[in-house]
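First up is the structure itself, then whatever we jot down about it.
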């Protein structure tokens with residue numbers, strides 16, 4: 001008995017391409033319709049091309065770093081994803097966030113990654129949540145560092161504003177750092193993390209619990 005190789009689905013791919021093309025053209029038309037060309041041309045004439053190239057290089061390098069980090073986060077799932085595939089997912093997500101409302105790229109990015117890696121959408125979303133936690137850790141660390149080095153103004157309303165910023169910003173940053181450290185400690189121990197997660201789920205409504213118990 002011979003087994004047939006799985007057939008490809010060119011009609012499905014063509015349909016996806018057509019949908020993507022229609023969405024792209026619609027977004028481009030919407031963007032062009034709202035452009036005031038005279039101020040745009042004047043702004044373009046004042047652009048320093050060197051700074052634009054430097055900013056573009058930094059942005060591409062950021063996407064590369066994010067792709068490598070995502071690759072590391074996927075390894076515990078047994079996913080040997082290519083950095084180029086994850087880079088493409090990052091770029092698609094950023095583009096969708098720019099063109100569409102409601103942070104649509106946060107869904108587009110894991111969808112692209114799931115299709116390219118062959119894993120389920122839920123698994124990929126779990127790693128994108130981890131990405132956001134690492135981003136939050138970085139932002140909170142910057143906040144705490146800024147509060148520590150912020151100079152104190154002696155008198156006036158500016159001085160009170162700076163003092164309040166240092167007080168409440170430092171307190172918020174410290175609490176956030178402690179919460180993130182607790183999260184990382186729980187994540188380092190699988191059994192302990194699952195027990196804690198199960199305890200938290202008990203506080204939720206019964207219809208919701210089965211949706212998260214398999215994560």
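What follows draws every value from the coordinates through simple rules; no lab data is involved. Please read all numbers here as calculations on a predicted model, not as lab measurements. Cβ: placed from backbone, ideal geometry, glycine included. Neighbour counts: every protein chain shown.
For the range 65-97, the residues whose backbone nitrogen is under 15 Å from a point 7 Å from the Cα of residue 23, taken along Cα to Cβ, are 89-97. Our estimate of slack between residue 12 and residue 37, defined as 0.36 nm per intervening residue step minus the Cα-Cα distance, is 5.1 nm. Full extension of the segment from residue 149 to residue 84, taken as 0.36 nm per residue of separation minus the current Cα-Cα distance, would add 19.5 nm. Alpha-carbon geometry of the range 49-131: the Rg and the Dmax are 13.2, 43 Å, given in that order. The packing ranking of peptides 97-107, 18-28, 45-55, 121-131, highest mean first, is 121-131, 97-107, 18-28, 45-55, where packing means the average number of other beta carbon atoms within 10 angstrom of each residue.
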